[in-house]
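Quick notes on the structure that follows.
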Amino acid sequence: MSRTFDYRGKTVFVAGGTSGINFGIAEAFAGAGARLAVASRRQDKVDAAVGRLSGHGEAVLGYALDVRDYAAVEAALADAARRLSGIDVLVSGAAGNFPAPALAMSANAFKSVIDIDLLGTFHVLRAGFAHLNKPGASVINLSAPQAYIPMPLQMHVCAAKAGVDMITRVAAMEWGRAGVRVNSIVPGPIDDTEGMKRLAPTPQARKLTQDSVPLGRFGDKRDIAGACLWLAGPEAAYVTGAVIPIDGGWSLAGVSVAGAGMFDQFAGAFR
Ligand code: HXC
Ligand code: NAP
């Protein structure tokens, strides 16, 4: 049980919540006493996540689905809301990423990331709104520095996450009167994640990335989870439409720093 935050009696739904940063978010809310629902494509990951989250004692549901499938998203949200007394915190974090120059991406490669990150976020919010406990519900979208820092080899992710942040802002404007807050959390380079395995796969790339963070270290999944615990609760009641970097200052220097370290090993692809 978290000593600082109390989510007893609340329900949290995390789309893409079975691994990495998103699982860390789910685990933090479970630790603060919330009921949980997590969803992602692979049944084995869903089962494992439900097993680990159940250790905290409250109800936990899992759904194997693809966020690109609106009907599946809608059905899971409706089922979770019916069984867990509505949804108080809705997290949209499913994402895909691979480093590739634009000219090495097929149209389907570009579309895959747009469909998972951007269309998937629309699906989760569009289907989720009806089930949010209003007023007071909070929506958190997982963005990335690529949303506002152009990075080579990331045209698909840059476009998708910029769109996610615009969904955040527009939904905040449309849903504010209903008492629903909508914000983006922007993780920097977070250690021990699929994202960093793909983008900084070598010791050299890891070192360059770490050295480019003003705070001098990779982020920890708990850094992101802690921000979400604050953002979804009453302490952040006046925060909506915000795009909040939790990145050790990594994005301050822009692409010259953020891109250089992470993509060093792919330099030949675009220089
Ligand atoms: C070029 C590639 C490619 C690559 C896949 N494709 N990898 N093209 N270079 N390295 C192409 C395929 O050839 C195919 O195009 C199209 O992309 C779709 O691939 P599929 O494998 O059929 O798609 P799917 O099974 O839907 O998988 C989606 C995926 C995959 C994004 C490609 O990597 C995935 O499931 N990722 C989820 C996990 C993940 O990426 N986590 C990290 C998130 S980190 P064709 O034309 O052949 O059909 C993140 C931000 C990190 O989001 C930010 C750090 C700062
Ligand atoms: P991750 O572990 O791969 O998390 C992605 C999750 O989404 C997984 O649970 C995955 O599970 C699920 N998912 C992927 N495609 C899906 C789909 N089509 N439908 C449903 N679920 C899907 O990666 P991560 O690195 O922790 O990233 C988590 C989030 O943080 C992402 O939104 C990412 O963009 C963001 N982010 C990460 C970093 C970083 O440093 N890692 C930095 C900035 C932003 P399945 O495979 O079972 O579907």
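The values are calculated or read from the model by the stated rules, or taken from the named source; none is laboratory data. Small disclaimer: the values here were computed from a predicted structure and weren't measured. Glycine also receives a Cβ, built like all others from the backbone with ideal geometry; neighbour counts cover every protein chain displayed. In case anyone asks, the SASA skips ligands and DNA or RNA and just uses the protein heavy atoms, side chains included. Shrake-Rupley method; radii C 1.70, N 1.55, O 1.52, S 1.80 Å.
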If you go through 112, 184, 106, the only one that is polar (S, T, N, Q) and within 14 Å of the chain's Cα centre (by Cα) is 184
* Asked: Any chance region 90-108 includes a residue that's in contact with a helix residue (DSSP H, G or I) (Cβ under 9 Å, 6 or more places away or on another chain), within 16 Å of ligand 1 (Cβ to nearest atom), of a type in the set (Ser, Thr, Tyr) and open to solvent by less than 20 Å² (accessible area, probe 1.4 Å)?
  -> yes
**Request:** Look at residue 165 and say whether it is at negative phi, buried (at least 24 other Cβ atoms within 10 Å of the Cβ) and either among the polar types (S, T, N, Q) or assigned to a helix (DSSP H, G or I) (or both).
**Result:** no
Taking region 66-87 and the residues there that are within 13 Å of residue 37 (Cβ to Cβ) and open to solvent by 20 Å² or more (accessible area, probe 1.4 Å), the one that is farthest from ligand 2 (Cβ to nearest atom) would be 85
Taking region 187-236 and keeping residues in a loop (DSSP other than H, G, I, E, B) and open to solvent by 30 Å² or more (accessible area, probe 1.4 Å) leaves 191, 192, 201, 202, 214, 215, 216, 217, 220
Within region 16-32, restricting to residues that are under 11 Å from the mean Cα position of the chain (by Cα) and of a type in the set (Val, Ile, Thr), the one that is farthest from ligand 1 (Cβ to nearest atom) is 25
All conditions in (1) more than 15 Å from ligand 1 (Cβ to nearest atom); (2) open to solvent by 40 Å² or more (accessible area, probe 1.4 Å) are true of residue 172 except (2)
Over region 17-30, the set of residues open to solvent by 10 Å² or more (accessible area, probe 1.4 Å) and outside any helix (DSSP H, G or I) is 18, 19
Note to self: For region 138-150, check the following and say yes or no: at least one residue is surrounded by fewer than 20 Cβ atoms within 10 Å (Cβ to Cβ) and hydroxyl-bearing (Ser, Thr, Tyr).
What the structure shows: yes
